[in-house]
Amino acid sequence: RKISDDVKRAAIRLYEHNLLNLQDILDCCGFSQRTWYRVLRLWRDTGDVTNHPRGVRGRVRRLEREDIEYLLELVHDNPDYFLDELVSLARTNRFISIHFTTVFNELERAGMSRKKLKRIASERNEELRAAFVARMSQYDATEIGFIDEVSKDERTLGRHYG
């Protein structure tokens, strides 16, 4: 649980001015002895009861914001890119050398957990769709055949998305 800074400061004042003994302060404020000594040491070392982290948290990012935006734009324009193709484009056009796992991690952080190989549904043209349905309705179901021409290259055994 979070103990407010005001309660910590009040407990330190009571202790430093010898207004209450330590056990009464701990009982009154609900501190454990371990928490008390940690707060007291922090107060004596820094003059504050809260530990403020310094510097940037986490590891250093390999890509700048502009590089990530470039990758997102590439994926939006052509969702069929493979990770190694994105790495090659980044090397050629942005002059950065990165590993494909870095590209994957940054795309995942940007909310693309999977590259789905399809265009966004909002890009559909309803008028063209209605015209197609009207044109196809003149044929009997026995007169129509369908062929699936999903693109595939030597790097894939099959397509899972798209």
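Values computed for the structure shown
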read-out: Surface share of carbon and sulfur [accessible, 1.4 angstrom probe, percent] for segment 27-93; value: 47 percent
read-out: Per-residue HN-Hα couplings for segment 131-146 [Karplus 6.51, -1.76, 1.60; θ = phi - 60°; Hz; x = Gly/Pro]; value: 5, 5, 4, 5, 5, 6, 5, 6, 9, 7, 4, 6, 8, 10, x, 10
read-out: Sequence of LEU19, LEU63 from largest to smallest accessible area, 1.4 Å probe; value: LEU19, LEU63
read-out: Whole-Hz ³J(HN,Hα) from phi, Karplus 6.51 cos²θ - 1.76 cosθ + 1.60, for segment 7-20, glycine and proline x; value: 5, 4, 5, 5, 5, 5, 4, 4, 6, 5, 9, 6, 7, 9
read-out: Cut-off under 5 Å, modelled amide H: who pairs with ARG61 long-range; value: none
read-out: Surface per residue (accessible, 1.4 Å probe) for segment 11-115, Å²; value: 73 Å²
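The values are calculated or read from the model by the stated rules, or taken from the named source; none is laboratory data. In this text, all values refer to a predicted model and were calculated from it rather than measured experimentally. For accessibility, only protein heavy atoms count, side chains too; no ligands or nucleic acids. Shrake-Rupley method; radii C 1.70, N 1.55, O 1.52, S 1.80 Å.
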